[in-house]
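Okay, structure first, notes after.
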Amino acid sequence: MAAAWLKDAVFYEIYPQSFLDTNGDGIGDFKGIEEKLDYILSLGCNALWINPCYDSPFKDAGYDVRDYKKTAARYGTNEDLYRLFEKAHEKGIHVLLDLVPGHTSEEHAWFRESQKDEANEFSDRYIWTDFCFRGASGLPYIGGESERSGAYVLNFFKCQPALNYGFLNPTENWQLSWRDPRCIATREALKDIIRFWLSKGCDGFRVDMAASLVKLDDEKKSGTSAIWRDVRRMLDAEFPEAVMVSEWSNPKLALRAGYDTDFCLNEPGSGYGTLMRDYDNGEDHSYFKKDAGGSINRFLDQYLDWYEDTKDLGYISLITCNHDTRRPALNLDETELGLAYAFIFTMPGVPFLYYGDEIGMRWLDLPTKEGGYYRTGSRTPMQWTSGKNLGFSTADAKDLYLPVDSAPDAPTVEAQEKDPASLLNTVRALLKLRHAHKDLQSDAPLKILCCEPGRPFIYQRGDMVLALNTTGSSLKAALPQVQKELVFSLGTGSWEEGQLEVGPQSFVVFA
Ligand code: GLC
């Protein structure tokens, strides 16, 4: 069962490079996060996920870790991060770091040792074939880069050699079983990293590519899942409140492997992806896009299957977007974003808000930075004020990590604070509503009351009834049960004489 503090948790994801620069070097830092804790609380977020902030050559924005136990100097020292944990805790905010278990940077000391011809403690920490010209059974590999005559397996980019958690069913002599002591040593090294950060005050981890540990794993990911269950047993014994959030996108497997919550990622083509940005032959069918004709059912088909199967095990996390996806403002205007967030923040599970989505920051078409490619456009500096660099940094514009949005109407926190109807204030109102009602929090049950085309989408959380209309015309549905009072609305709606009516582009809550 998931940690108790998740029941009312709402996460804010911070890409540390781009949040707030307090020392004028053009890149965000830990002190910047510390300075903005009250802002984060003002949104209604009470938990953070910080993208990798460890020492790294940054060929994949820090997902190429060179030293798991040392922070990257550009963000601050380890002590600065420990202080951030402390300050956050004083304000009731939990902090998750990003754990990258499947690979390291090619510059990690373990990998440098592993590349050596002479056998040593780290020779089997990574997956090597037994000959420099031998490929790796269909897995991506690199040969010709080391003293050792073998090719090594990659987990993602070229700079990210795969750590060796073994093979489920080894078929070649260079493949070790996942039960081999040398692979168990990798697992123990991972636990050591987890213990290190938890003992310094972090509250858990978002786990990168959580399904990627054991190679040529079966469909059920039995090897990888067994490893995570082993990690969970350690956590239960030593850090029972620690939270593990998986980037797996398969809650049925992830929650059974011991995760508290798994992301429902809004990638194009996935069930969730159809809600925000769904194009087919250039035509937009996104559910939240006004009059695009999108149906909620393409999402529900997948989600309800997951939800029914996992609701007693843990949670599913809906996200506004993340550092890997295009920002929702690319396709949705402010009203549409408000409705999308109303949905995300009132569904079961633990929601995640990506920094800047609360003001509708845009995806910018930029050249790649630190292995970001199209993702770079979602990683630009936070837009705080109308001042220099939109309040992100005092550095010269040319020295910024990434350029700020130069559009004259670039949204900022400063401007939106003044406007009661802004997206920022909509987010605040929605999260206030969620915190005020147990029925809207992570573990209150969900029941779908109406999902027919041409009708409002109506769902029940606990005893509350919520209805959403993303079209430009009023929609009605018969709802003969005992009527309730309207307690919240974006737009208009009513429930009279067994008929629930939701105005154009509106969201209503009855309790
Ligand atoms: C995950 C991260 C992504 C990274 C990749 C490799 O998908 O979210 O940013 O590039 O893993 O670590």
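What residue, of 468, 490, 486, is open to solvent by 30 Å² or more (accessible area, probe 1.4 Å) and in contact with a helix residue (DSSP H, G or I) (Cβ under 9 Å, 6 or more places away or on another chain)? Reasoning before the result, please.
On the way: 468 fails: open to solvent by 30 Å² or more (accessible area, probe 1.4 Å); 486 fails: in contact with a helix residue (DSSP H, G or I) (Cβ under 9 Å, 6 or more places away or on another chain).
Matching residue, one of 468, 490, 486: 490.
Anything in region 248-281 that is over 30 Å from residue 236 (Cβ atoms), free of Cβ contacts under 8 Å to residues at least 24 places away in the same chain and assigned to a loop (DSSP other than H, G, I, E, B)? List them, or say none.
Selection gives 268, 269, 278, 281.
So residue 235 passes all but one of these: (1) more than 27 Å from residue 140 (Cα to Cα); (2) not in a helix (DSSP H, G or I). Which condition number does it fail?
Answer for residue 235: the failing condition is (2).
Residues of region 13-66 being in contact with a His (Cβ under 8 Å, 6 or more places away or on another chain), away from the ligand (no atom under 16 Å from the Cβ) and not aliphatic (A, V, I, L, M), which ones?
Matches in region 13-66: 44, 46.
Please name all residue pairs, on different chains or six or more residues apart, with Cβ atoms under 8 Å, provided the first residue is in region 282-296 and is among the acidic types (Asp, Glu) and the second residue is assigned to a loop (DSSP other than H, G, I, E, B) and exposed (fewer than 14 other Cβ atoms within 10 Å of the Cβ).
291/472
Within region 108-132, count every residue that is in a loop (DSSP other than H, G, I, E, B) and either away from the ligand (no atom under 15 Å from the Cβ) or touching a helix residue (DSSP H, G or I) at 6+ places or on another chain (Cβ under 6 Å) (or both).
16
Filter region 149-165 for residues that are more than 23 Å from the chain's Cα centre (by Cα) and in a loop (DSSP other than H, G, I, E, B); which is nearest to the ligand (Cβ to nearest atom)?
Here the residue is 158.
Please verify whether region 189-205 includes one or more residues that are without any contact (Cβ under 8 Å) to a residue 24 or more places away in the chain, within 16 Å of the ligand (Cβ to nearest atom) and out of contact with any helix residue (DSSP H, G or I) (no Cβ under 7 Å at 6 or more places or on another chain).
no
Determine whether residue 256 is open to solvent by 10 Å² or more (accessible area, probe 1.4 Å) and not hydrophobic (A, V, I, L, M, F, W, C).
On the way: open to solvent by 10 Å² or more (accessible area, probe 1.4 Å): yes; not hydrophobic (A, V, I, L, M, F, W, C): yes.
Against the criterion (open to solvent by 10 Å² or more (accessible area, probe 1.4 Å) and not hydrophobic (A, V, I, L, M, F, W, C)), residue 256 qualifies.
Could you please find all residues in region 480-511 being modelled with pLDDT of 95 or more and either in contact with a His (Cβ under 7 Å, 6 or more places away or on another chain) or aliphatic (A, V, I, L, M) (or both)?
Within region 480-511, 486, 487, 490, 500, 502, 508, 509, 511 qualify.
Taking residue 141 and the conditions (1) aromatic (Phe, Trp, Tyr); (2) under 19 Å from residue 212 (Cα atoms); (3) touching a residue at least 24 places away in the same chain (Cβ under 8 Å), which numbered condition does it fall short on, given that it satisfies the others?
(3)
Scan region 303-323 for residues that are open to solvent by 30 Å² or more (accessible area, probe 1.4 Å) and either within 16 Å of the ligand (Cβ to nearest atom) or farther than 22 Å from residue 244 by Cβ (or both) and report the count. Break it down stepwise before answering.
Restricting attention to region 303-323, the residues satisfying the condition of being open to solvent by 30 Å² or more (accessible area, probe 1.4 Å) are 304-305, 308-309, 311-313.
With either within 16 Å of the ligand (Cβ to nearest atom) or farther than 22 Å from residue 244 by Cβ (or both) added as a condition, the list becomes 304-305, 308.
The total comes to 3.
What's the number of the only condition in (1) at pLDDT below 95; (2) within 16 Å of the ligand (Cβ to nearest atom) that residue 209 fails to meet?
(1)
Answer with yes or no whether residue 267 is within 16 Å of the ligand (Cβ to nearest atom), open to solvent by 10 Å² or more (accessible area, probe 1.4 Å) and in contact with a Phe, Trp or Tyr (Cβ under 7 Å, 6 or more places away or on another chain).
Values: within 16 Å of the ligand (Cβ to nearest atom): yes; open to solvent by 10 Å² or more (accessible area, probe 1.4 Å): yes; in contact with a Phe, Trp or Tyr (Cβ under 7 Å, 6 or more places away or on another chain): no.
Judged against the criteria, residue 267 is not a match.
Enumerate the pairs (first residue in region 391-410 and within 18 Å of residue 366 (Cβ to Cβ) and touching a residue at least 60 places away in the same chain (Cβ under 8 Å); second residue anywhere and polar (S, T, N, Q) and part of a loop (DSSP other than H, G, I, E, B)) with beta-carbon separation below 8 Å, excluding pairs fewer than 6 apart on the same chain, so at least 6 apart or on different chains.
Going by the 8 Å Cβ cut-off, the qualifying pairs are 392/383; 400/393; 402/380.
State which residue is nearest to the ligand (Cβ to nearest atom) when the search covers only region 134-144 and only residues that are modelled with pLDDT of 95 or more and either over 28 Å from residue 219 (Cβ atoms) or part of a loop (DSSP other than H, G, I, E, B) (or both). Write out each step before concluding.
Narrowing region 134-144 to residues modelled with pLDDT of 95 or more: 139-144.
From what is left, the residues that are either over 28 Å from residue 219 (Cβ atoms) or part of a loop (DSSP other than H, G, I, E, B) (or both) are 140, 143-144.
Values: 140: 13, 143: 22, 144: 23 Å.
Filtering first and then ranking leaves 140.
Among the candidates 64, 21, 80, single out the residue that is buried (at least 19 other Cβ atoms within 10 Å of the Cβ) and within 29 Å of residue 102 (Cβ to Cβ). Talk me through it step by step, then tell me what you get.
Numbers: 21 fails: within 29 Å of residue 102 (Cβ to Cβ); 80 fails: buried (at least 19 other Cβ atoms within 10 Å of the Cβ).
It is 64.
The values are calculated or read from the model by the stated rules, or taken from the named source; none is laboratory data. These figures come from a predicted structure and were not determined experimentally. Don't worry about glycine lacking a Cβ; one is built from the backbone with ideal geometry, like all the others, and counts go over all protein chains shown. Keep in mind that these areas ignore ligands, DNA and RNA; they rest on the heavy atoms of the full protein, side chains included. Shrake-Rupley method; radii C 1.70, N 1.55, O 1.52, S 1.80 Å.
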